[in-house]
């Protein structure tokens, strides 16, 4: 019996270690949040930041309060929300499509958002729609993301929403929207082209409390639906045939997860622009830390997404003391070696 | 009493089985045998509610929901790094919340110990052999505690010892839980030894199930499997069926 008890004790110890990993990741994220708030061209020290926090948004130091409450805090909050959205969306995608390279970026959702944004930047002023000008771009990006999701789903449905068909449809949709985006860039004047390119960089500079609230509300709305399906998603890791035989309606689960992924991706990229690799890398890091139990893997993917984006924000500000390098560029550059590591790790099995 | 009544079944657009109806008692283990492609897996999938055709299953007149029917598919390859214990816990996924109660974990641990799987409880599924994976998936289905258990060739990857122990566990489960087990098997000797009744699926139809002695005869085996059976008896009286190619059986054995 002692021989039999050892593996069970090890299983319990591993479950406890996973809990510690979640806490450690959250702690590292908290430190990075603090670093992000402290970093910036105005050079505010920790003591100054603390004084500004105590004084509040209406404190005597108007310039300092404005920097902290109107620039740094919204940007940090946006990094947390966008990172969490992309991490969750990436893990959902990889689970329902049984593909380690699936992510909102590789399935064309981000390309569609870019196209929507470019469309708004190029033709928005001419249309004279009853929408505030600064909201037209994110609204168009949001709608284009949802349209791309619908397109991928409808193509996949023709073949019974099989994972490989959905992945191929996603790749086709990505190239389709990238081509349309190139066409719009070709048509644009140099000034408009510059605006489009800046949007595509993916930057937290566009963040303000309104966009934080909108993205945060979409994330909060999605969380209960994700929580409801944690066991079903874990069961799907055993393979579709096994999951079905366990009484799981796999098609319905895929439909729900696809819809949530679309909402999370749209919430993330509409207000910040295209941010690649976070949705691809964060799920892999999460699984390597806590395994495939989605009760832990999903929250850790969210934390890792937030951690990657907050790190990128800090690095972007440290590398360029004047104007911060957009996080989209940092994640793209850092994401390539990470992607190679994922591929090599997957090859080794 | 379980009543299973189904329409004609098809696979990939081709007709496989004509309409069927049969009953099972609580505590019964029924074997489904037949040559390759006869429709055994199609029949089990349809009863499990996994095919386009609707096959109503009733227990004592009341409709049995999909959650009360357990099914282990023939293709069982698992490419997940989930641990064995986590995998078994998934058998009751509908009843689990974000926190798994300690008594459920203890129950899963006890089942693993009972099935001789406790020593690999913490191993990832990807680190197991095909036979070990199959044993874990059988454990998962037993942990699910369905009223009707459908097992599609559950011994296909198992060694001789584990073939006997797996079928014995399934029969014990049926008896103890008042459930019914339908198991598709290729080995007619195992089917005769462990199953209370046998259902032959062949030539597009299901025969009426009956006791192994009545169903597994030269008249049913020769035309359906195209082999010449030799019937032997063990010391305990259990039937052993040795297949020979038609016309090539050793004269001394006749």
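Since every read-out is calculated from the coordinates, none of them should be taken as a lab result. Just so we're clear, the structure is a prediction, and the values are computed from it rather than from any experiment. When we count neighbours, we look across all protein chains shown, and the Cβ atoms used for this are built from the backbone with ideal geometry, even at glycine.
What the table below lists for this structure:
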item	result
Range of Cα positions in chain A per principal axis (Å), largest first	69, 52, 34
Whole-percent pair-distance distribution, where bins are 10 Å wide, for the alpha carbons of chain B	7, 29, 34, 22, 7, 1, 0
Cβ neighbours within 10 Å from other chains - mean over B:82-95	5
Sites residue B:58 and residue A:323, calculated FRET efficiency, Cβ-Cβ separation with R0 60 Å, nearest 0.05	0.25
Highest-first arrangement of A:317-327, A:155-165, A:185-195, A:81-91, where packing means the average Cβ count within 10 Å	A:81-91, A:317-327, A:155-165, A:185-195
For segment B:86-154, convex hull volume per residue from C-alpha positions, Å³	100
Segment B:86-134 and segment A:137-160: distance between their alpha carbon centers, rounded to Å	39
Ordering of A:111-117, B:64-70, A:282-288 by burial proxy (mean other Cβ atoms within 10 Å per residue, highest first)	A:111-117, A:282-288, B:64-70
Rg/Rh (Cα only; Kirkwood hydrodynamic radius) as it applies to the protein assembly as shown	1.09
Cα centroid separation - segment A:16-38 against segment A:166-240, whole Å	25
Pairs of alpha carbons in segment A:262-312 whose separation is greater than 18 Å (percent)	31
Per-q log10 I(q)/I(0), segment B:1-145, q = 0.18, 0.20, 0.21 Å⁻¹ (Debye; single scatterer per alpha-carbon; no solvent)	-1.12, -1.22, -1.26
Per-pair calculated FRET efficiency, R0 = 25 Å: residue A:101 and residue A:182 via Cβ, rounded to 0.05	0.60
Length-normalised contact order of chain A in % [C-alpha pairs under 8 Å, at least 6 apart]	30
Cα-only radius of gyration and Dmax that characterise segment A:248-349, units Å	15.4, 53
Spin-label model distance (nm) - residue A:197 vs residue A:30, 7 Å beyond Cα toward Cβ	4.3
Cβ-Cβ FRET estimate between residue B:244 and residue B:36, R0 fixed at 22 Å, reported to 0.05	0.75
Rg/Rg_globular for segment A:50-145, with Rg_globular taken as 2.2 N^0.38 Å and Rg from C-alpha atoms	1.50
